[in-house]
Each structure stands twice: as structure tokens, then as C-alpha cells.
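Below is one structure, written out as C-alpha cells, with a few remarks after it.
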Amino acid sequence: MKNKMRIFALIIFFGSIWGFSEIFIGSFLADQELPYGIIMTGFFAMIFLTLSRIIYNQKGMQIAIGITAGALKYFNPFVGGNVCSAIAIMAEGLVFELIWNYFMNYDFSQLKSIKMKISVGIFTSYMVYVSGFILTQILTPLIYSNFYFENLISFMPQIFSKGLFAGIIGGLSIPIAFSLSNINLSLKDKIYYREGRLRINRLFYPTTFGISAICWIIVLANWYIFIS
Amino acid sequence: MIFSRGKIIHILAISVIILGIISTIYVNAYKEKNNSSNEIIINGNSFDISIIFSNINEIKIITDDGEKSGIPLDQLIDYSGENCPSCFKYQIIGSDGYKQTVTWQDMENGVLSLDRIAFFPHLAHPFWVRDIIEIEVKKI
């Protein structure tokens with residue numbers, strides 16, 4: 001039961017900070033006319049998904065994180081087409097999950113070398129970005145009018161091309177995520193030894209739920225101000 | 001198994017990099033080929049952008065990305081000589097190969113800016129095709 005609660009807290013935490021960064025950092029990058037989709041997937045999504053996977057190696061968790069981030073993104077007041085981008089984020093979580101479930105050992109033993117981390121980063125980030133992009137190109141026309149397969153096919157070279165940069169960023173992000181996982185975050189160990197005594201990290205739930213709540217309150221307040 | 005999963009992931013990473021490089025070369029070549037012109041093709045006929053803008057009055061529309069100005073897309077289609085504009089759908093094509101297909105009702109709400117971007121205030125941003133080189137008139 002405690003484990004389930006801990007997993008739930010981490011899902012809400014990582015999903016919320018991913019969704020929050022998609023909305024605020026993503027919108028800022030878009031305003032600066034930077035390729036925000038590539039940066040958001042290649043860096044932020046890869047860091048959050050990989051960290052969550054390393055800290056608590058639980059299958060299915062990244063799908064749930066994607067759903068949480070997508071739900072938060074749905075309330076993004078800054079950009080149109082929120083349903084599509086929300087579903088695309090959920091799909092990104094799913095693709096990450098599928099790749100890591102297939103390729104990773106339970107203890108990530110094959111990820112010891114930097115070469116392997118870079119390869120996993122490139123492939124995962126590329127696939128996550130490309131699949132999210134393709135899904136958006138299918139869903140947006142479907143929701144607003146009609147989907148034309150011909151339009152998607154003619155745009156595939158662009159999607160594959162943009163995926164290259166997401167892949168390269170992902171090749172750097174995953175080694176960074178592994179380095180970050182070595183830092184003793186208050187999220188990491190609920191129970192630990194210090195000075196020969198077993199101690200409980202009492203900051204875990206206040207930190208995870210507190211930060212998540214702040215993310216949701218800021219986004220919902222922005223959304224409310226925008227619609228009213 | 002011939003390859004371990006570790007080797008497969010290296011092969012897959014190299015494969016996506018090669019796919020990305022080839023696609024980038026293709027996209028840049030396609031863009032370069034289409035960007036050199038100051039014209040826009042509507043239903044197979046070429047029109048000079050500056051002449052179009054001197055013949056059709058610009059309007060301003062409000063979008064979720066602020067105010068945008070341009071010539072109404074429905075007037076552009078009328079200008080191109082289409083007799084029954086509501087009988088067709090319209091495929092808007094960008095210089096990078098990006099395409100979106102919209103209805104006549106969508107065209108009545110959209111504008112084409114001087115820098116060749118189609119803005120549709122009622123549609124999602126993926127419909128806002130940039131660097132438009134052609135508008136193809138298609139049967140519904």
C-alpha cells in the first residue's frame with residue numbers, strides 16, 4: 001500500500017512538472033521562435049521520464065506520467081489545439097514505456113557505458129518525438145475537419161528531419177538524467193541510514209504533492225483568467 | 001539471437017540518425033527549389049504575390065495568437081477565377097511540402113499574409129501553413 005502511494009506521488013510529481021514545463025517553458029521557447037517541440041521532447045520529456053524510471057523502476061509508470069502531463073497541458077491557455085497536444089504527450093509517455101520495457105533490463109545493467117546511454121537517448125528521443133508529431137498531424141485534422149493521408153505522407157520527410165535534432169538532444173539528456181539520479185534528491189530515498197540509525201525521509205510526500213499542487217494551481221489559475 | 005539487445009539499440013540509433021540526415025537533405029533541397037519564386041500557384045495558374053496584394057484589400061483578424069493581417073482567402077480564390085468556389089476543397093501547400101486541406105467555409109474565415117502564411121482563427125495552429133507556394137483546388 002505504501003509502495004503504491006509512493007508510485008502515485010511520483011507519477012503526479014513528474015507528470016505535473018513535465019506538463020508545467022511544456023506550458024510555460026514551451027510557450028516561452030515558442031515566443032522566441034525556437035523549435036520548442038524538439039527541445040521539450042529531447043530535453044525535458046527525456047529527463048523527466050528517464051529520472052522517474054531510474055528512481056523507481058516501475059513498469060507502466062511512464063504511461064501514467066504522460067497521462068498526467070497531457071491532462072495538465074489540456075488546460076494550457078497560451079496555444080490552440082490543446083486536445084491534440086495533450087494526446088500527443090500521452091502518446092510520448094506510451095512510446096517511451098514501450099521502448100524501455102523492451103530494451104532495458106530490470107537493473108539497467110546494459111546502461112553502464114556512456115555509449116549505450118547515448119544510443120538509448122538518441123533512439124528513444126527520436127521515436128518519442130516522431131510518434132508524438134505524427135499523432136498530432138493525424139488528430140488535429142480529424143478533430144477540426146477531415147484527415148487526409150496524402151497530407152501526412154508528404155510531410156513525413158519534415159517529421160523525420162526534425163526528429164534528428166530531438167534525437168541528438170536526447171543523446172545528451174539521458175546521460176544527464178543518469179548523472180542527476182546520483183544526486184541524493186529528497187524524492188529518492190524514503191528510508192535511509194544516517195549515523196547508524198534508520199531514518200525516514202519525511203520530506204517525500206510534502207515535496208512531491210506540494211510541488212505538484214503548485215504546478216496545477218498556477219496552470220488552472222492562468223486558464224481561468226484566460227477564459228474569463 | 002544474432003544481435004544482443006545492446007547491439008540492436010546501437011544499430012537503431014545509427015539508423016534514425018541516417019534517416020534524419022537523409023530527410024534533412026531532402027527537405028532543404030525541396031525548400032530551396034520552391035523558395036526562389038515570388039509567385040503562388042492557385043489551381044495550376046501562377047500569380048505574383050505583390051500584384052495580388054495590390055488588387056485585394058488587406059483585412060485584420062483576431063486569432064488566439066494576436067491580430068493578423070492579410071488578404072481574405074475566399075477573395076483570393078475568387079480573384080484566381082474559380083467559378084464555383086464552394087464546390088471544392090482547398091489543399092494549401094507550403095514550400096517544405098507541408099499540406100493542409102480545408103473547406104470553403106474555412107477559406108471564408110482565413111487570410112493570407114504578405115509573408116505567405118495562412119491564418120485560420122477558428123482552426124488549430126497546424127492548419128496555419130507557412131511559406132505557401134500553392135493552393136490546389138480539389139473535388140470534394
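The values are calculated or read from the model by the stated rules, or taken from the named source; none is laboratory data. No experiment lies behind these values; they were computed from the predicted model shown. So basically every Cβ, Gly included, is an ideal-geometry build from the backbone, and we count neighbours across all protein chains shown. Areas reflect the complete protein model, heavy atoms only, side chains present, ligands, DNA and RNA absent. Shrake-Rupley method; radii C 1.70, N 1.55, O 1.52, S 1.80 Å.
Observations, loosely collected:
- Chain A, relative contact order [Cα under 8 Å, separation at least 6], %: 28
- Ranked by the mean number of other Cβ atoms within 10 Å of their residues, highest first, the peptides A:214-222, A:132-140, B:52-60 fall in the order A:132-140, A:214-222, B:52-60.
- Expected-Rg normalisation [2.2 N^0.38 Å, Cα atoms] applied to the range B:53-110: 1.19
- Ranking of A:LYS162, B:LYS138 by solvent-accessible surface, largest first: A:LYS162, B:LYS138 (1.4 Å probe, protein heavy atoms only, all chains present).
- Rounded to the nearest 100, the interface formed by chains A and B buries 2900 square angstrom of accessible surface, both chains summed, with a 1.4 Å probe.
- Positive-pole candidate from B:THR63, A:ALA64, B:VAL129, dipole of the protein assembly as shown, charges at beta carbon: A:ALA64
- Rounded percent of accessible protein surface that carbon and sulfur make up, the range A:2-227, 1.4 Å probe: 69
- Alpha-carbon radius of gyration plus Dmax, which is the widest Cα pair, for chain B in Å: 19.5, 68
- Peptide A:161-174, shielding by other chains (average Cβ, 10 Å cutoff): 3
- Note on chain A: Rg/Rh from Cα positions, Kirkwood definition for Rh, rounded to two decimals, is 0.99.
- Here the 3J(HN,Hα) profile of the range A:90-101, calculated from phi with Karplus coefficients 6.51, -1.76 and 1.60 at θ = phi - 60°, is 4, 5, 4, x, 5, 5, 4, 4, 4, 5, 5, 5 Hz, Gly and Pro shown as x.
- Put a dot 7 Å past the Cα of A:ALA71, heading toward its Cβ, do the same for A:ILE7, and the two dots end up 1.6 nm apart.
- Remark: mean inter-chain Cβ contacts per residue of A:132-139 equal 1, using a 10 Å Cβ-Cβ cutoff to other protein chain atoms.
- 30 Å Cα-Cα reach of B:LYS99 towards lysines, excluding residues that sit fewer than 8 places from it in its own chain: A:LYS73, A:LYS162, B:LYS31, B:LYS33, B:LYS60, B:LYS68, B:LYS89, B:LYS138, B:LYS139
- Cα principal axis extents for the range A:27-66, largest first, Å: 37, 15, 12
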